[in-house]
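Heads up: the structure comes next, in structure tokens.
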Amino acid sequence: MTPTAAAVSTGFRSRHGHEPAGVWFAPGRVNLIGEHTDYNDGFVLPFALPHRAVVAAAPASGSGSTVTSAQEPETVTFSAAGVAPGDLPGWAGYVAGMFWAFREAGYPVPELDLVLDSDVPVGAGLSSSAALECAVGVALADLGGVRVDRTPMAVLARRAENDFVGAPTGGMDQMASMHGRPERLVFLDTRDDAIELTPFPLSGHGLTLLVIDTRAPHAHADGQYGERRSDCAAAADALGVPALRDATLEAVEALTDDRIRRRARHIVTENDRVRDVVALLAGGADPRRIGPALDASHASIRDDFEITVPHVDVAAEVARDAGAHGSRMTGGGFGGCVIALVDDADVPAVRGAVEKAYADRGWTAPVTFTATPSEGAARLS
């Protein structure tokens, strides 16, 4: 159930005995296309989900800050004035990391009591951490009496994730959480953080974007993600370019190391696919026409970047065979979600086919839901 301002305020009153000063939210995100291109100065095309993290907050009643989550049993206490990387493991690190990032940027950082709730699935590649960071960030800005625009806020949230938590992600997640808009994709050039909002009129074309949470394990901060980043850096170095965004496919194909060549080929071709999809949608094309690009993206992350797992590959293939116009894994990989672009009338058939394929293999049933582009982070009350 989507957490509401009223429900989170009630949780705050129950915990602290008084009203919060306000309630803020930030959404998770789905990446339509553009996987692992963000840390290569490339192009990505995510959108904000209706699923969101919601934070109620007020000036702290004690000498330090506290945070309580509806999803976790314990209340965590830390010092906004002194918390440092490595102090807080787990979910609370994403919260404390925003206090640290604000402090490092020179903003005032008040001690706060926070109560949070979220319906962004954890471990599904839908950026539950970015939603939490950005929700805390907009609360911090309001209660600290400072204005932080959307892109700078996303940069602070990325720093919290990279430098405080230690997860080597790119900046796409936070930018989508901050810049999301209904019926719009967030076309992001990660080299200069330039944003264009691209139309994605699914309902007007009788289409649904079905998200299939494969229930396979998913982790961003593991060694596999870092290895892919290292491979991309090695490829850029071998090609003599600042980042793989600057490489040509011809130059990539001449690389002698097979693994490095395949990693680089994915990035170069994926950037091309993102631009092709944006050109189609910005030009008013039927969104069904992006289906082949979604399929090609999945083949590339499966064969060249090697970040899929059997649960993901089966879901993408079965969805396509059951009538999806295109399907692909979304997120950092090694688990998580598949997205499928489906005619409204075919949603039950696609969902049923994937569920049957999982049952036939003895796997835990997938969880499916529909995704619609939604509003970025803001104050609720």
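Miscellaneous remarks
- Test set (1) modelled with pLDDT under 95; (2) of a type in the set (Gly, Ala, Ser); (3) surrounded by fewer than 24 Cβ atoms within 10 Å (Cβ to Cβ); (4) touching a His at 6+ places or on another chain (Cβ under 9 Å) - SER300 fails condition number: (1)
- From the list ILE267, ILE301, ILE307, ILE290, the one residue that fits, being among the aliphatic types (A, V, I, L, M) and in contact with an Asp or Glu (Cβ under 6 Å, 6 or more places away or on another chain), is ILE301.
- Strands (runs of 3 or more DSSP E) within the range 29-143 that include 3 or more residues not β-branched (Val, Ile, Thr): 43-59, 112-118
- The range 289-309, subset in contact with a strand residue (DSSP E or B) (Cβ under 8 Å, 6 or more places away or on another chain) and not in a helix (DSSP H, G or I), residue farthest from ALA357 (Cα to Cα): ILE307
- Boolean, VAL312 is under 25 Å from ASP272 (Cβ atoms), assigned to a strand (DSSP E or B) and β-branched (Val, Ile, Thr): no
Yes/no per residue for (1) under 28 Å from ALA233 (Cα atoms); (2) not hydroxyl-bearing (Ser, Thr, Tyr):
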site: ALA21; (1), (2): no, yes
site: ALA26; (1), (2): no, yes
site: LEU45; (1), (2): yes, yes
site: GLN71; (1), (2): no, yes
site: THR75; (1), (2): no, no
site: PHE78; (1), (2): no, yes
site: VAL83; (1), (2): no, yes
site: TRP91; (1), (2): no, yes
site: TYR94; (1), (2): yes, no
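- Identity of the residue in the range 163-185, modelled with pLDDT of 95 or more, in contact with a helix residue (DSSP H, G or I) (Cβ under 9 Å, 6 or more places away or on another chain) and surrounded by fewer than 21 Cβ atoms within 10 Å (Cβ to Cβ), that ends up nearest to PRO85 (Cα to Cα): ASP163
- Taking (1) more than 29 Å from ARG320 (Cα to Cα); (2) at pLDDT below 95; (3) of a type in the set (Lys, Arg) in turn, ARG191 satisfies each apart from (2).
- For GLY335, the conditions (1) in a helix (DSSP H, G or I); (2) modelled with pLDDT under 95 all hold with the exception of (1).
- The residues listed here are ALA58, ALA26; of these, the one that is more than 30 Å from ILE339 (Cβ to Cβ) and small (Gly, Ala, Ser) is ALA58.
- Residue list for the range 282-304, restricted to those being of a type in the set (Val, Ile, Thr) and either touching a Leu at 6+ places or on another chain (Cβ under 6 Å) or closer than 20 Å to GLY206 by Cβ (or both): ILE290
- Subset of the range 68-98 (residues that are more than 12 Å from LEU114 (Cα to Cα) and of a type in the set (Phe, Trp, Tyr)): TRP91, TYR94
- Boolean, THR10 is part of a strand (DSSP E or B), in the same structural domain as MET153 (by TED's automatic domain parsing) and surrounded by fewer than 24 Cβ atoms within 10 Å (Cβ to Cβ): no
- Answer residue from the range 325-380, given it is touching a Ser or Thr at 6+ places or on another chain (Cβ under 7 Å) and within 30 Å of SER9 (Cβ to Cβ) and is surrounded by the fewest Cβ atoms within 10 Å (Cβ to Cβ) among those: THR370
- Residue that is farthest from PRO287 (Cα to Cα), among those in the range 144-182 that are assigned to a loop (DSSP other than H, G, I, E, B) and in contact with a Ser or Thr (Cβ under 8 Å, 6 or more places away or on another chain): ALA167
- The range 194-233, subset farther than 29 Å from VAL318 by Cα and part of a helix (DSSP H, G or I), residue modelled with the lowest pLDDT: GLY223
- Flag if ALA254 is buried (at least 21 other Cβ atoms within 10 Å of the Cβ) and more than 25 Å from SER327 (Cβ to Cβ): no
- Scanning the range 248-284 for residues that are without any contact (Cβ under 8 Å) to a residue 40 or more places away in the chain and of a type in the set (D, E, K, R) yields GLU250, GLU253, ASP257, ASP258, ARG259, ARG261, ARG265, ASP272, ASP276.
The values are calculated or read from the model by the stated rules, or taken from the named source; none is laboratory data. As the structure is a prediction and not an experimental result, all values here were calculated from the model. Note that each Cβ is placed from the backbone with ideal geometry, even for glycine, and that neighbours are counted across all protein chains shown.
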